[in-house]
Structures are given as structure tokens and as C-alpha cells.
Amino acid sequence: MILKKGLVLEGGAMRGLFTCGVTDFLMEKGIRFDGMVGVSAGAAFGCNYKSHQPGRALRYNKAYCRDKRYCSLRALLKTGDIYEAKFCYHTLPTELDPFDNEVFEGDPMEFYVVATNVRSGEAIYKRLDTIDHSALEWIRASSSMPLVSNIVILDGMKLLDGGISDSIPLKFFRKKGYDRTVTVLTKPRDYVKSKNPAMAFIRRRYRNYPEFVEAMENRHVMYNNQMRYVLDQERMGNTFVIAPSADLPIGHITHSADRLQKTYDIGRAEAERVFEDLLRYLR
């Protein structure tokens, strides 16, 4: 029996630089997967795996982390997006640090992103086979954090951050037939998520979307259940988990290139540490 190998990437905004360290190391070692699913930063950075561009996500994050067009209060007040949509999701990948769509299209790996339908509060899974304007908007939707991002409208749907409805989409990928998976987390295995302290603002901002508000109310329950599922699957040998051993030295947002580099280096070191075990698992 041929096993389908899948890569599952959690989000976490700038904690995603840990994931970049992991995936760059795996790319450089020639590890390939049949499919990948990314949430939020897992989608925005993970697409570089299919385009064979190790180092790209670290490079542009360090280059533009202090640029007010990239991430700033000014961008939020001016555009409604703390990560300015046009600059981050279009100017940067098409002009400043070009994304290699030709290689992306030629690689047979399936690539999925996860977003949340604001009207229903449910997860939407979108397969991207090319990175055109629409695909970049799907990646933006997957990464659009509530309160500090505009709702993204695509295919008649209103969308926001995929982590609200499916933070670690391992179950989705197993249902898609990926029976040999690697799951990269951006929180330690013992992390327990608490209820969102900004719920009063969320209820007010999204009062016209009660299902979305309910999803936000229960996100900590969903996340903690997913973490237990991932660890159960790991114990059963159905997934190989790569996670930081302690809280990462970075938050959702940073303007420090040094912190980005340090977080990336932690990811690389962890991937290297478990690499021989990973090879045995994949074989």
C-alpha cells in the first residue's frame, strides 16, 4: 500500500517563523510531501515549500518588519488591516521578493489553505493550484486576524482567519486520505488555550454575525480538543509532531529582525534534532 504523506501547518502569525525554520530544513534535506494544508501564517509561509523557496519567508519578514506598509498601527488606521493587504499580499510577492509560481504550478504537491466563513462560523478549505491574484487573496483571508483585519470577500463568502474554525487541520487531512502526516505546531505540546479576553469587542464588532461570534467564544474549546486529537494521533503513530519545547520568544507581531531570526533558528534546531526519527517515521 502506498501511503500519502501530508504536511499540516498551524498558524500563529509571527510564531510561524518557527515553522519556516522547520520547513526550510526539511526542504534542504529533500523531504517531499504529497499534500500540505496551512492555516494563517502556515498558509502564507508554507506556500514556499511548494515553490521550492527555502529562506524566502525569513528574508522578507526581516527586510520589511519595520516597514510601516508591512505591519503597523498606521496601516490599521489607514486601511483597516494591520498587515496592509496590497503591500503584504500583492506588492511583496509579485515585485519585491517574487514568488516562483512556475515552480509552484509544476510541483505535484496539493496545497490547501483554511479560512473561516464569517456568516456560518465554519471552516472553508480551498485548494490552490496556482498563485494568482485570487489565490493571494485566499492566503490573505486565511491570515486575516479578527479586529485588526478587514473581512475578505471571495466566491461570494465573507472570510477571516482560518484558525478561528480549524486551527490544526489534521483531521481534515486524514479525511482527505493523508495517512502519514507531519504536523508542525507553533505552541508547545502542553499549551492550553484560554478564552479570548477581547470577546466584548468581538461581540460588538461582529454583532451581525452571531455564528462567527459563537465560534470565537468557543475557540479555546475547539483548539484544546484539537491539540488532544493531535497528540492522540501522535501516540497511535498516525502523525509526527514537531513543536517548540517552550513558548517562543515572539508574539503575533514583532518589529525585531533579531526575534524573527531567533524564532526561525529554534525551528531549524528542532527539525534537526528530530530528523532521524522523522526519516524512520516517513519510511
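The values are calculated or read from the model by the stated rules, or taken from the named source; none is laboratory data. Since we're looking at a predicted model, the values are computed, not measured. Using ideal geometry, Cβ is built from the backbone for each residue, glycine included, and neighbour counts are taken over all protein chains shown. Calculation scope for accessible area: heavy atoms of the full protein, side chains included, ligands and nucleic acids excluded. Shrake-Rupley method; radii C 1.70, N 1.55, O 1.52, S 1.80 Å.
Quick notes on this one:
- Cα-projected label distance for Gln261 with Asp67, points at 7 Å along beta-carbon direction, nm: 1.9 nm
- Note on the range 242-281 and the range 76-139: Cα centroid distance 23 Å, given to the nearest whole angstrom.
- Of all DSSP bridge pairs formed entirely within the chain, close to 40 percent run antiparallel.
- Per-residue ellipticity at 222 nm computed for the chain from its helices equals -13000 deg cm²/dmol, with DSSP H segments shorter than 4 residues left out and the rest contributing -39,500 (n - 2.57).
- Percent RCO, i.e. relative contact order, over the chain, from Cα pairs under 8 Å lying at least 6 residues apart: 28 percent
- Extension gain (nm, one decimal) between Lys4 and Asp247, 0.36 nm per residue minus Cα-Cα: 84.3 nm
- Nearest-10 value in Å² for the accessible area of Cys20, using the 1.4 Å probe: 10 Å²
- Listed residues Met36, Tyr49, Met14: farthest to the positive end of the dipole of the range 1-69 (Cβ charges): Met14
- Proximal charge balance of Thr116 [Cβ under 11 Å; K/R count +1, D/E count -1]: -1
- Inverse of mean 1/r across different Cα pairs in the range 210-283, Kirkwood, Å: 15.1 Å
- Ile266, Ile2, reordered so the largest accessible area comes first (probe 1.4 Å): Ile2, Ile266
- Neighbours of Arg74 by Cβ distance under 15 Å: Lys/Arg scored +1, Asp/Glu scored -1, total +2.
- All aspartates and glutamates inside 19 Å of Lys171 as judged from Cα atoms, apart from same-chain residues fewer than 8 positions distant: Glu10, Asp34, Glu110, Glu122, Asp161, Asp179, Asp232, Glu234
- Only alpha carbons enter this Debye calculation for the chain, each as an equal point scatterer, and the log10 of I(q)/I(0) it gives at q = 0.10, 0.13, 0.14 Å⁻¹ is -0.47, -0.83, -0.98.
- 30 Å Cα-Cα threshold exceeded, pairs from Lys5/Lys86; Lys78/Lys187; Lys4/Lys262; Lys50/Lys175: Lys5/Lys86; Lys78/Lys187; Lys4/Lys262
- As a fraction of the 1.4 Å probe accessible area of the chain, surface on carbon and sulfur atoms comes out at 49 percent.
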